[in-house]
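These notes concern the structure reproduced below.
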Amino acid sequence: MSKLPAWVTEYAQTLAEAPAWLSSQRQQALERFAAEGWPTTKQENWHHTSLVFLEQAEYQRPVSADATAQVKALQHAEAGYWLVFVDGKYASQLSQLDNVPAGVTLGALAAQLNNADLEQYYGAADAGTSVSALNLALAEDGAYVHVAKGVMLEQPVHLVFMNTAAQGASFPRNVVRVDAGAVATVVEHHVSVNDAVASLNNVVTQAFVAADANLTHLKFQHENTQALHLADISVTQEKASRFESHSLSFGAKLARHNIRTTFLGERCETLFNGLYYVDGKRHVDHNTVIDHAVPNCISHEYYRGILADMARGVFSGRIVVGKGADGTDAIQRSDSLLLSKLARSDARPELEIYADDVKCAHGATVGQLDEESLFYLRSRGLSEEEARNLLIYAFAASSLERIRNDALRARATASISALLPGGLALVEE
């Protein structure tokens, strides 16, 4: 690819004026995307997921529809702070930011562009994939979350990204900063306003977890079966910090989740926990990297996929244990449950170790529902549908149990249960 798609050029020309540093980064990002284009299967990290079909696709700047009813239904009057973005732009009238404690800044990233500190957290054009470069080039808004030193934010911060426009493209960019000793939970919700919206949602989240801080990040991806979801989460952790990532992917025609964390100090801990459900001809891909650049850090990584019909799930995980990173404790697992003969799962767990005194393990399984267990449950009076749903839910349960917040775990449980015929009633009982 040697030039930009026409719609990208048109989109870039309509962006509002930005500070000099951001304008420079945008131009570099556009040049990079023009040179590299959409990823193809010739690239190692995209071997099982190609976006080459997007070379013929056309998108436009969204003309947003009203999303008030959908946002209220999503909130369920759940406690927390809510920042709502409609087609990538902050919607203050739908957001709820009452009683934000001292030391916490929540708001639109666009309002922070003249903040002298933002440049070092915003990200660079040469970081990540060409898809993340396109996000940097076209991003206008997103969430800005900053929790100051020592502050324990008791309620979750919910970031709602509602797509309403057919063939609309949105490019949210989020910056999350948790200073030394602080504690926070950030929840991303990605939703389509209805089933007719065929959108492109290209989102990047940059997170910075300072020494002794604790950040939990949950992502609920519920976009409709026509949507494309391309996302990057990039995290840096300083000494003795803890980061949890829970990726719950239940929607979109194609969803790609790139998740990466880098340890900058000793005694860091991270948990990568993923659960996805795909049916029809949908496709979901998790690509993860955990960089053990320093000694004495812990990472545990678990992904589980449920695949029906002709769906495809991909997991590619890489743990890098750098030279001198002794004392590393790393676990990586991918498990897939196939509900049909035509469903497909591809798993590639990788350990790249350059240190000696480490404890590392990885593995992957692909299987079907156990016939003996089905027979046992049927013999106890359950219908075939109920028996299948109970076994599927049991497969998902270990992923759900790793979510420590009760309200968020209940939300995740309801989400996966609702996908199973009769499953929601079965679980509630």
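Since every read-out is calculated from the coordinates, none of them should be taken as a lab result. All of these numbers come straight from a predicted model, not from anything done at the bench. Backbone-built Cβ (ideal geometry, glycine too); neighbour counts: all protein chains shown.
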Counting other Cβ atoms within 10 Å, keep those with at most 14, restrict to DSSP loop, and tell me which trypsin sites (Lys or Arg not before Pro) in region 19-83 are left.
-> LYS42
Once both labels are modelled 7 Å past Cα along the beta-carbon direction, what's the LEU351-GLU44 spacing in nm?
-> 1.9
Farthest towards the positive end of the dipole of the chain, among GLY317, SER299, LEU408 and with Cβ unit charges of +1 on Lys and Arg and -1 on Asp and Glu, lies the Cα of GLY317
Percent of Cα pairs exceeding the 13 Å cut-off, where the set is region 370-429 = 60
Among SER241, SER50, SER399, which one moves the most in a GNM of the chain with springs linking Cα atoms closer than 10 Å?
-> SER50
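Note down the Stokes-Einstein diffusion coefficient of region 326-429 in µm²/s, whole number, using a Kirkwood radius over alpha carbon pairs, 25 °C, and 0.890 mPa s. Don't skip to the answer; put the middle values down first.
On the way: Rh = 16.3 Å.
Stokes-Einstein gives a translational diffusion coefficient of 151 µm²/s.
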Per DSSP, loop trypsin sites (Lys or Arg not before Pro) in region 238-324 with at most 15 further Cβ within 10 Å | LYS281, LYS323
Do you know the relative contact order of region 370-429, to the nearest whole percent, from alpha carbon pairs under 8 angstrom that are 6+ apart?
-> 33
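Pick out, in residue order, every one of the trypsin sites (Lys or Arg not before Pro) in region 130-216 that is DSSP loop and has at most 14 other C-beta atoms within 10 Å; say none if there are none.
Within region 130-216, the qualifying trypsin sites (Lys or Arg not before Pro) (loop, at most 14 other Cβ atoms within 10 Å) are LYS149.
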Note down the magnitude of the dipole of the chain about its Cα centre, charges +1 on Lys and Arg C-beta and -1 on Asp and Glu C-beta and zero elsewhere, to the nearest 20 debye.
-> 340
If you bin the C-alpha pair distances of the chain every 10 Å from 0, what whole percents do you get?
-> 4, 21, 32, 28, 12, 2, 0, 0
Potential lengthening between ALA361 and THR9 on full extension [0.36 nm per residue; Cα-Cα distance subtracted] | 122.1 nm
The chain: antiparallel bridges as % of DSSP beta bridges, rounded to 5, reads 5
Express as a percent, rounded to the nearest 5, the fraction of DSSP beta bridges in region 65-158 (both residues included) that run antiparallel.
-> 80
Assertion target for MET152, MET310, ordered by fewest C-beta neighbours within 10 angstrom first, is MET152, MET310
In percent, how large is the relative contact order of region 177-268, given Cα pairs closer than 8 Å and 6 or more residues apart?
-> 31
For region 1-144, what D do you get in µm² per second when you plug the Kirkwood radius from alpha-carbon pairs into Stokes-Einstein at 20 °C and 1.002 mPa s?
-> 123
